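To keep things clear, I will list the structure first and then write my remarks on it.
The values are calculated or read from the model by the stated rules, or taken from the named source; none is laboratory data. Here the structure is a predicted model, which means the values were calculated and not measured. Backbone-built Cβ (ideal geometry, glycine too); neighbour counts: all protein chains shown. To get the accessible areas, we keep the full protein, side chains included, count just its heavy atoms, and leave off ligands, DNA and RNA. Shrake-Rupley method; radii C 1.70, N 1.55, O 1.52, S 1.80 Å.
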Amino acid sequence: MRLLAYLAFLLTTAASAQPGWRPLQFSFVLEVDGEELPREELVREGAFTFEVEGRRAHPGSYGPERFSFVEFPGAISDITNHVDTLRLRIIHRDGRVLEIEFPPRLGDRQAYLTDHLVVPFAPGRVLVTDLLHELCVTGTMTGIGQLWNAGPVFLPSATCGADTVRHVPTTVGGAMDFRVRCRTRPGPRGAPMADLRFFTDGPYQPNLVMNIEVPAGGGSWDLDTVRFAPADYRTTGWRERELDTTTPRDTVYGWDRYGNVVYLSPAHPTAQDTLRFRFWWLGGAEHVRISHSVVPDFEGGNTLEFVVTCTPVLVLDAGYQAREITVVVPPLPEGNHLLDVHYQEEPDVPAPRFPALRGQWLRVK
């Protein structure tokens, strides 16, 4: 009986369609009391019923995929004809009703996502544009650090504005395969976009953030191979991205190779800016002091030189902890400045190392 009813629905939809029409198709997973309802229970007779524009509908599916779908008549839901608000009603057998409204989307500029959405069942009314979109992210992440001085690798977590997935790359190879729920927004030419954020946090990791703007349509996104870096990127093609410099960010040295990190703010200093270098590392209770000086060279240039001084402190069982020192550097003259770092230490108490800083050029405009 269910098969016959579903075939009848398809025939009715086909009869209302015309060549070239693209009926609105809504794919979703239904959550009840915070738990995802398996598709088999969703289509079981007596649990839920569905009405598309007042007519009984039976959810379809795409093979083994978790998502079900319903389709609206093409005569009123095609992108060129959709001028009225359409409605889908999900009715529980105890009489509770959730109504989902689909606002007009006349033309591509008013398009919005109708696929791979999460529907929390609750009595009332909701706009389809307020529902969360589930995005499956795959790919490989490099640049997430390595074991150094007994410190951990950096294992970024991911968020898309709705929930957080902890430690998304595996420790071996950096492979990623995770699902995250997103808030979406219109992108270039009306295409829906999501803002995917990778970040590190915790007592033994520096705070690093990478933002990537990704297309949200289709429910999946293969990032291919992406290098973790504390920066912002925007998508320019299917797997192409470019650095987004419109948002000011700190320059960060050393996250991907040495474990110890140096933050520089502002990232692009001028001759009027005071510079702040934040040195972060995992260490014990030893006393660490970091000084700086500007050393002229024989060719008329300058070297900004840091000296890390470390002296022991008698503290038993101090263990590792996150340490940070901020060094304030007065405005530097315009030009290129070479960065260098030296160490003063006792043999039994080595100073924390910041080798990523050495040999870098700092441009002051």
Quiz prompt | Where P296 falls short, out of the listed (1) touching a strand residue (DSSP E or B) at 6+ places or on another chain (Cβ under 9 Å); (2) open to solvent by less than 70 Å² (accessible area, probe 1.4 Å) | solution = (2)
Quiz item: Is it true that some residue in the stretch 229-241 is outside any loop (DSSP other than H, G, I, E, B) and in contact (Cβ under 8 Å) with a residue 40 or more places away in the chain?
Solution: yes
Practice problem: Take the stretch 162-175 and flag every residue that is open to solvent by 10 Å² or more (accessible area, probe 1.4 Å) and either under 18 Å from G202 (Cα atoms) or modelled with pLDDT of 80 or more (or both). | Solution: D163, T164, V165, R166, H167, V168, T170, T171, A175
Quiz item: Name the pairs whose Cβ atoms lie under 7 Å apart, with the first residue in the stretch 113-138 and without any contact (Cβ under 8 Å) to a residue 60 or more places away in the chain and over 19 Å from L223 (Cα atoms), the second open to solvent by 20 Å² or more (accessible area, probe 1.4 Å) and among the aliphatic types (A, V, I, L, M), and 6 or more positions between them or separate chains?
Solution: P123/V97; L132/A162
Quiz item: Looking at this structure, is P312 open to solvent by less than 70 Å² (accessible area, probe 1.4 Å) and either within 21 Å of V252 (Cβ to Cβ) or within 41 Å of the chain's Cα centre (by Cα) (or both)?
Solution: no
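Of all the strands (runs of 3 or more DSSP E) wholly in the stretch 27-96, which have at least 3 residues that are of a type in the set (A, V, I, L, M, F, W, C) and surrounded by 15 or more Cβ atoms within 10 Å (Cβ to Cβ)?
In the stretch 27-96, 48-52, 86-92 are the strands (runs of 3 or more DSSP E) which contain 3 or more residues that are of a type in the set (A, V, I, L, M, F, W, C) and surrounded by 15 or more Cβ atoms within 10 Å (Cβ to Cβ).
Conditions tested, residue by residue: (1) open to solvent by 40 Å² or more (accessible area, probe 1.4 Å); (2) over 35 Å from the mean Cα position of the chain (by Cα); (3) under 13 Å from P269 (Cα atoms).
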| site | (1), (2), (3) |
| --- | --- |
| I325 | no, no, no |
| E334 | yes, yes, yes |
| H342 | yes, yes, no |
| F354 | no, no, no |
| L362 | no, no, yes |
Quiz item: Quick check, is E101 open to solvent by 60 Å² or more (accessible area, probe 1.4 Å), touching a Leu at 6+ places or on another chain (Cβ under 7 Å) and not aliphatic (A, V, I, L, M)?
Solution: no
Quiz item: Of all residues in the stretch 242-271 being assigned to a loop (DSSP other than H, G, I, E, B) and in contact with a helix residue (DSSP H, G or I) (Cβ under 9 Å, 6 or more places away or on another chain), which is surrounded by the fewest Cβ atoms within 10 Å (Cβ to Cβ)?
Solution: R257
